[in-house]
Amino acid sequence: MADLPERVDPKQMRASDADRERVAEVLRSAAAEGRLDLDEVDERLHAVYASRTYAELEPLVRDLPSPAASPVPLDGVPPRPGEVRRRGWAAAVMSGFSRRGSWIPPREFSCLAFWGGGTVDLREARMLHGEVTIRAFAVMGGISVIVPEDADVQVTGMGLMGGFDHGAAGGGRHGAPRIVVTGFAVWGGVTVQRKSRRKKQP
């Protein structure tokens, strides 16, 4: 009788990119719920994308409530992370708006400037999603989108008798959130700029 192959510990199996993204989403959801602060999320996300096995992923969510407590898919069905806000918006009609500081962008953030102006500053934002889409619409107005220097940025917007800046598009550091800026500008403008994060005051 042939020897049966030795059973491999599931925790020692290689994790896939999808596994790492699932664990990263659990961490972002935990931060949205106030269970982790921004520094903890950033540290753990770096460890997630450097992990190769389930054994390396498990400690990163061990102290979080079930079903996030086990990244190892025991039944073949990934655990569903906590729900976080998917959409948000801001508008400036003959006025202005500003989103800056330590705010939490939803997955899709739509903004309109009509005879007005607005600023969407993501440098200190708590990026709790792997990808955030900014939909900017400027009609006889202007919108400024500011992204971190190390962000992965894609710009797909267009201008019609106006301007939509594509200069900040490009890759970022490994594991950085992806920021997609889309929309249009009519007789107005949308600028996208990379800037360094603000230094914390002592």
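The values are calculated or read from the model by the stated rules, or taken from the named source; none is laboratory data. All values reported here derive from a predicted model rather than from experimental measurement. Here the Cβ positions follow ideal geometry from the backbone for every residue, glycine too, while neighbour counts run over all protein chains shown. Please note that ligands, DNA and RNA were not included when accessible areas were found on the heavy atoms of the full protein model with its side chains. Shrake-Rupley method; radii C 1.70, N 1.55, O 1.52, S 1.80 Å.
Figures for the structure shown
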{"read-out": "Some residue of the stretch 64-76 being open to solvent by less than 90 Å² (accessible area, probe 1.4 Å), modelled with pLDDT of 55 or more and either among the hydroxyl-bearing types (Ser, Thr, Tyr) or part of a helix (DSSP H, G or I) (or both)", "value": "no"}
{"read-out": "Residue check for VAL132: more than 19 Å from GLY189 (Cα to Cα), not in a loop (DSSP other than H, G, I, E, B) and not acidic (Asp, Glu)", "value": "yes"}
{"read-out": "Among the residues listed as ARG123, ARG173, ARG178, ARG99, the single one being surrounded by fewer than 16 Cβ atoms within 10 Å (Cβ to Cβ), charged (D, E, K, R) and closer than 26 Å to ASP42 by Cβ", "value": "ARG173"}
{"read-out": "Single residue of GLU25, GLU58, GLU40 found to be touching a His at 6+ places or on another chain (Cβ under 9 Å) and at pLDDT 65 or above", "value": "GLU25"}
{"read-out": "Any chance HIS166 is within 20 Å of the chain's Cα centre (by Cα), buried (at least 16 other Cβ atoms within 10 Å of the Cβ), modelled with pLDDT of 90 or more and assigned to a loop (DSSP other than H, G, I, E, B)", "value": "yes"}
{"read-out": "Every residue from the stretch 108-135 that is of a type in the set (A, V, I, L, M, F, W, C), in contact with a Phe, Trp or Tyr (Cβ under 6 Å, 6 or more places away or on another chain) and over 18 Å from THR156 (Cα atoms)", "value": "ALA125"}
{"read-out": "Residue that is farthest from VAL61 (Cα to Cα), among those in the stretch 4-22 that are at pLDDT 75 or above and of a type in the set (A, V, I, L, M)", "value": "MET13"}
{"read-out": "Subset of the stretch 169-199 [farther than 19 Å from MET140 by Cβ and assigned to a strand (DSSP E or B)]", "value": "GLY170, ARG178, ILE179, VAL180, VAL181, THR182, VAL192, GLN193, ARG194, LYS195"}
